[in-house]
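As structure tokens, the structure follows; a few thoughts come after it.
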Amino acid sequence: SSLWLKLLTQVVEATVLLNPGRTKRGVAMEPLSFVFADRATVPGFLGTDVQDEVIRHILEVKPDKVLLICDQNAEELHGDYFKPLSRETAACASVGSTADGAVACLAELPDVVKRTMPPGDACKSWDHLTELVQWAFEEQASKRSVVVAFGGGALLNLAGLFASMLYRGTKLIYVPTTFLAMHDVVTSLKTSICYDGRKNNIGSFYAPMKILIDVGFCRTLPRFELFSGVGELAKNAAILGGKHAEGFVKAMSKESVNGASGGSGEEFVMEDETLVGLLRLGVEAKMSVLLSDAYEKTSGMIFEYGHTVSHAIEKAYGDGTIPHGLGVVYGMLSSSFAAEQLGIMSQVDRKEHDDLCWLLLDRWPLPEPKPSMEKVMGLAMRDSKRGITMEAEDEISDVLLYKMGHVVPTPTSNLSKFPSRLVAEWLATMGFPITSSLSEAAVPMTVTAAECEAMLRAMRCSSDAELRNNGFEQLTAGFANRVCALEKHGQPVVAKRYTDLVFLRSSPEAVGALDVLAGRTGIGPRVLYSGHQGVVMERLPGRTLEEADMHCNNKPLLEAVAQALAAVHQLPLPAICDGEPMLWRTVDKMIEALACRPELMPNGMPGLGPLLVEVRTAKAALAKHGPQLVSGHGDFKPSNVMEHDGRVKLIDFELGGPNYRGFDLYKVFRTARPQSEASMVYFIRKYLAFTEGEAVSDEEVSKLMAEMRLFEPLTWLEACIFFLILPQFKPEGAAEWADLAKDRWAKYQVSRAKLFS
């Protein structure tokens, strides 16, 4: 009614009159729109010193009761902010109105009841959530009531969860009072509490009806709280780069910050204009991604960058010691360390990344004494994201970057798993003390490079009997390598001695590079040594697969193998491996070797000239189809897949490099026995889910199946040429090699039409 609106105006005017010392007339609030995909669109408003407009927005909802939940910091600094909502204030403002009209309007104003919670994560407990529920019913809250969350990010998390549960969803308005909450918390539908010593492991997704941001609150923030908000902006700068990095660096370089008193609790003031600009950047960063991923399950997961280690450090120190945003930046340093160790991030790119982090962290060092490495690792290994990447016991997950602005994409919600020992190593570099024996996952390997070289020399110079007497167990003679297992310092290892045949098919400098990268990323065994003689790696438990395993419709196994291959195909290729697809690179090298000994060509095979023409014709035919190139395994047969307790790892990457995905996909299913179409379709569907996303259409599966079948003849052609050159290196088996070459040539001829059709 017009009378109610008049009274509302009087209430707002009274706000200024009753609070002359702290209330200023601010600039009209700027409207913002928080669009969470198709789940919710929340109106937001941003301004500075806009208490009157905040009050107006709450009253426009016309609630019967305002459940005002604030944290102790907000209560101490701004306890009278909502005083104009009280009927006493409204009564003062109604002087001069008609008595009946004033009484009627006062009756329409809501009851305001307040509950104060501890600051920071201390409020995010099951007990405090229960306390709020009991309080709401004691105050006779109804479905017309509105929850106003007034405080920092932790308070908003708690109040949001409470509102989502009360009557299965109660009206909710966020009024954030910290810089971090203003751009990082309100830009998410996540609500949560912490339980059993873990961070954010109970919660829901829930949208408020309004988000009201008064930047004036930032003037009273302790510097560590302001730094915390800046920390999440550093994360945005790292994952998005561009203007987000430029804005962060500009703000941090412009402000004069006394690092000597960082974290002391003294107030640290940024100009209002700078704060508003950073807030706009922070909101834009989150909402540009959540526009298509409201629940932060896929693309939105990038905002978890650094959070695995951050949450662990925060909890290890104890609630309230490490401001969340600062913890995130320390977690980012851990992730960049791991990325460089994995060969994903270059040394130069890591320096650029870490320099950005230290712009903030130089002003806020970690307090002493630090918690133990074991305590931090124990918490990190229980992170709430655990399980998404199907980590092994010695693995951990986080978002990783190639460089600033370039996230490593993965089919597991953009999370990458990697050996947890890398986190332990980073913690050690940061001075976290070790108080007892670390788990095996965190203990560096004890086998030295000199010992590995000695093993490989022994395998070159010793007979089988001599090796057995020295503890070597011959695993397989193989076609191209000599492979043995042994124990060193109580650790089971596998040593692979290269023969000349390996370097015939791959360049010496590139051999072993993919083995090392696969080991670092957890796709293959950890490599202890890689050199021109061979490679030494940890020995994996379990068995190697057989052809039949890929055709028995064992869905859990097929899914595990598909995930492993998808991970390989998404690895960043080391620069040393760049060049032509490995299929043609190895075929060309073998043809050159064959040309040196044409007399070894067996009867029943075409001559060298016709064979070379066939290779060139097949290459041209394949190019017309434009198959996708990836970081390929190169020899992805079942015997190069190790399975143990339902988990798989891949071995023998010496032919790895840029290659066609279809070559790997078909080779693992190639068999002389009948193929299982159901197994192949299921495998391809899971592979696409891991590489492209969860929603996979039948058309996409059919398309990749067709691409994969192009490579059936090429797998036979490559194998044929391999057996043609083998007599040069293993002449004692020449007759067997000749029969195998002719068999593969015949299979190529039968399947050739699949490539040329």
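The values are calculated or read from the model by the stated rules, or taken from the named source; none is laboratory data. In this text, all values refer to a predicted model and were calculated from it rather than measured experimentally. Every residue, glycine among them, receives a Cβ derived from its backbone with ideal geometry; neighbour counts consider all protein chains shown. Side chains are part of the model used for accessible areas, which takes the heavy atoms of the whole protein and leaves out ligands, DNA and RNA. Shrake-Rupley method; radii C 1.70, N 1.55, O 1.52, S 1.80 Å.
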#### Entry: the stretch 401-411 - residue that is within 18 Å of ALA564 (Cα to Cα) and of a type outside the set (Ser, Thr, Tyr) and, of those, most open to solvent (accessible area, probe 1.4 Å)
PRO409
## Note on the structure
Taking the stretch 539-572 and keeping residues open to solvent by 30 Å² or more (accessible area, probe 1.4 Å) and either among the acidic types (Asp, Glu) or within 26 Å of VAL493 (Cα to Cα) (or both) leaves ARG539, LEU540, PRO541, GLY542, ARG543, THR544, GLU546, GLU547, GLU559, ALA567
### Query
Name the residues in the stretch 143-163 that are open to solvent by 10 Å² or more (accessible area, probe 1.4 Å) and either more than 14 Å from THR191 (Cα to Cα) or of a type in the set (Phe, Trp, Tyr) (or both), would you?
LYS143, ARG144
#### Entry: Check on ALA207, of a type in the set (A, V, I, L, M), touching a residue at least 24 places away in the same chain (Cβ under 8 Å), closer than 24 Å to LYS286 by Cα and open to solvent by 20 Å² or more (accessible area, probe 1.4 Å)
yes
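Mind checking which strands (runs of 3 or more DSSP E) fall wholly inside the stretch 582-699 and carry at least 2 residues that are open to solvent by less than 10 Å² (accessible area, probe 1.4 Å) and of a type in the set (Gly, Ala, Ser)?
Numbers: elements: 629-632, 641-644, 647-650, 657-660.
Because the criterion is at least 2 residues that are open to solvent by less than 10 Å² (accessible area, probe 1.4 Å) and of a type in the set (Gly, Ala, Ser), the strands (runs of 3 or more DSSP E) in the stretch 582-699 that meet it are 629-632.
Restricting attention to the stretch 514-537, report how many residues are polar (S, T, N, Q) and either under 22 Å from the mean Cα position of the chain (by Cα) or under 14 Å from ALA485 (Cα atoms) (or both). Let's see the steps before the verdict.
First pass over the stretch 514-537, keeping only residues polar (S, T, N, Q): 521, 530, 533.
Then drop every residue that is not either under 22 Å from the mean Cα position of the chain (by Cα) or under 14 Å from ALA485 (Cα atoms) (or both), which leaves 521.
Residues in the stretch 514-537 being polar (S, T, N, Q) and either under 22 Å from the mean Cα position of the chain (by Cα) or under 14 Å from ALA485 (Cα atoms) (or both): 1 in total.
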### Message
Exactly one condition in (1) among the acidic types (Asp, Glu); (2) under 20 Å from TRP364 (Cα atoms); (3) at pLDDT below 90 is false for GLU314; which is it?
### Response
(3)
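Every residue, every condition in (1) modelled with pLDDT under 95; (2) surrounded by 20 or more Cβ atoms within 10 Å (Cβ to Cβ), yes or no:
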| position | (1), (2) |
| --- | --- |
| ARG39 | yes, no |
| PRO43 | no, no |
| VAL61 | yes, no |
| VAL66 | no, yes |
| ASP71 | no, yes |
| THR98 | yes, no |
| LYS114 | no, no |
### Task
Tell me, yes or no, whether the stretch 439-452 has at least one residue that is open to solvent by 20 Å² or more (accessible area, probe 1.4 Å), modelled with pLDDT of 90 or more and in a loop (DSSP other than H, G, I, E, B).
no
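Take SER751 and decide whether it is closer than 18 Å to ALA621 by Cβ, among the small types (Gly, Ala, Ser) and open to solvent by less than 60 Å² (accessible area, probe 1.4 Å).
On the way: closer than 18 Å to ALA621 by Cβ: yes; among the small types (Gly, Ala, Ser): yes; open to solvent by less than 60 Å² (accessible area, probe 1.4 Å): yes.
Here the answer is yes, as SER751 does meet what is asked.
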### Message
I need the full set of residues from the stretch 191-204 which are without any contact (Cβ under 8 Å) to a residue 40 or more places away in the chain and in contact with a helix residue (DSSP H, G or I) (Cβ under 7 Å, 6 or more places away or on another chain), in order please.
### Response
THR191
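Quick check on my filter: what residues within the stretch 700-710 are without any contact (Cβ under 8 Å) to a residue 24 or more places away in the chain and open to solvent by less than 50 Å² (accessible area, probe 1.4 Å)? Show your work before the answer.
Taking the stretch 700-710 and keeping what is without any contact (Cβ under 8 Å) to a residue 24 or more places away in the chain, we get 700-703, 706.
Answer for the stretch 700-710, where residues must be without any contact (Cβ under 8 Å) to a residue 24 or more places away in the chain and open to solvent by less than 50 Å² (accessible area, probe 1.4 Å): just VAL701.
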### Task
With respect to ALA567, determine if the residue is at pLDDT 85 or above and within 23 Å of the chain's Cα centre (by Cα).
yes
### Query
Can we say LYS375 is among the basic types (Lys, Arg), out of contact with any Gly (no Cβ under 8 Å at 6 or more places or on another chain), in contact (Cβ under 8 Å) with a residue 12 or more places away in the chain and more than 21 Å from ILE302 (Cα to Cα)?
yes
### Near pairs, Cβ below 6 angstrom, 6+ apart or cross-chain, from the stretch 73-84 (farther than 17 Å from GLU53 by Cβ) to any residue that is at pLDDT 95 or above and in a loop (DSSP other than H, G, I, E, B)
ALA74/THR177
